Amino acid sequence: MKNQRQSIPTAQRYSIHDFERQFPDNDACLEHVKERRWPNGVTLCEKCERECKHYRVTGRTAYACEFCGNHIYPLAGTIFEKTTTPLRSWFHAMFLMGATRCGISAKQIQREIVVTYKTAWRMAKQIRLLMAEEIKLEGSSVEMDESYYGPKRRRGSKKGRPSASDPKKTCVVGIVERKGRVVALVSTDATKQTLHGIAKERIMPESVIFTDDYASYNGLENEGYTHRRINHSAGVYVLGETHTQSIDGFWSLTKNGIRGVYHSVSKKYLQTYLNEYSFRYNRRETPVPMFISLLSLACQTGEWTQPSASADQSLPASMTEPDEPF
């Protein structure tokens, strides 16, 4: 039988066997975080003020200065800080979220790494915080489109764009470089002022912006851009290079993924899910495995939102806020 050609580029391949070989236990995971922050354990000791090597303290997630014994903590300032969940379980959850192409529910993470649903949901939420990116698109040609997330309307209900006060529909705005990166944002509304503000914040001046014929895009040419539009209202979707197929494709990918995997997401958490799909989309051709990119971000220190004590005692108030169990 002839071998099937592997569709995944060699540089992007990272299987569960690679993961188990590189991270067999918690010690290997801790050592990796330490090496990412302080190669060979060498860093400045705040107590004796020497640049020196630090050695692992048995039974603790700490390393001690070779001269004065002062402890440093590799997990401090990361999403792993103060966690009681095994570090390898965190790494495994990140591997699962990096390996998937359409998302993975907290319920599936619960089954895979054998933790409670509450723990799995909180881990997934913290990992999505890593995926948030502040991007200013630099492509010469970008597509911009607004859309709405929420349940389908009942048959016979009023058609047209939902109002900003609609409790069931959430406005989202997407901008994508052609053959490049994407930015997806939850928006308060789709007014001219809002859309123009997002464009000026996220798109480089003098870019060519392709949109549909929605009236709120009128005047983008007065903001320093070249504005081209396709008349969707007349049933025209492609006219030479003028189209919004790239951003429409991203919306299709995202909405189908959320609908099929998470089932329902509230407005409160929708931005984190958009970050997740944008993160994977922006690295679809990067010659680095998705898990490795995610792990590099996790090893960096930052201001992460730590769950409150009250949150430890119960699940979110509504099961429609996180992904639905499945």
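Readers should treat all values here as calculations from the given coordinates under stated rules, not as data from a laboratory. None of these values were measured; they are calculated from a predicted model. Neighbour counts are summed over all protein chains in view; Cβ atoms, including those assigned to glycine, are modelled from backbone coordinates with ideal geometry.
Basic side chains Lys and Arg get +1 at the Cβ, acidic Asp and Glu get -1 at the Cβ, and with that the dipole of region 33-106 about its Cα centre reaches some 220 debye.
Under unit Cβ charges (Lys, Arg +1; Asp, Glu -1), what dipole magnitude, rounded to 20 debye, does region 170-299 have relative to its Cα centre?
Numbers: 15 positive and 12 negative charges, 92 e Å.
About 440 debye.
Judged by the gyration tensor of its Cα atoms, with axes a ≥ b ≥ c, region 167-258 is rounded; a/c sits under the 1.5 cut. Taking the charge dipole of region 23-176 about its Cα centre, with +1 at Lys and Arg Cβ atoms and -1 at Asp and Glu Cβ atoms, the residue from Val57, Gln126, Ser140 reaching farthest to the positive side is Gln126. Given a cut-off of 35 Å, what percent of all Cα-Cα pairs of the chain lie beyond it? For the chain, the fraction of Cα-Cα distances above 35 Å is 34 percent. Here's the picture: a label point sits 7 Å out from the Cα of Ile292 along the beta-carbon direction, and within region 33-54 the residues with their amide nitrogen under 20 Å of it are 33-40. Of all the options Pro167, Pro74, Pro205, the one that moves most in a Gaussian network model of the chain with Cα springs shorter than 10 angstrom is Pro167.
Taking 4.7 Å between C-beta atoms as the pairing limit, the chain has these partnerless cysteines: Cys29, Cys52, Cys102, Cys171, Cys299.
Within region 212-280, report the GluC sites (Glu not before Pro) that DSSP leaves as loop and that have at most 15 other Cβ atoms within 10 Å.
The qualifying sites are Glu241.
Spatial offset of region 31-54 relative to region 91-122 amounts to 32 Å, using the alpha carbon center of each.
Here the chain is assigned +1 on the Cβ of each Lys and Arg and -1 on the Cβ of each Asp and Glu. Its dipole about the Cα centre then comes out at about 1160 debye. By definition, a body whose alpha carbon gyration tensor gives a ≥ b ≥ c is prolate when a/c is 1.5 or more and a/b is larger than b/c, and region 10-110 fits this prolate description. For the pair Arg50 and Lys136, label points projected 7 Å from Cα toward Cβ lie 4.6 nm apart.
Contact order, relative form, for the chain: 21 percent (alpha carbon pairs under 8 Å, 6 or more residues apart, mean separation divided by residue count).
In a fully extended conformation the segment linking Thr84 and Glu35 would gain 15.5 nm over its present Cα-Cα distance, using 0.36 nm per residue.
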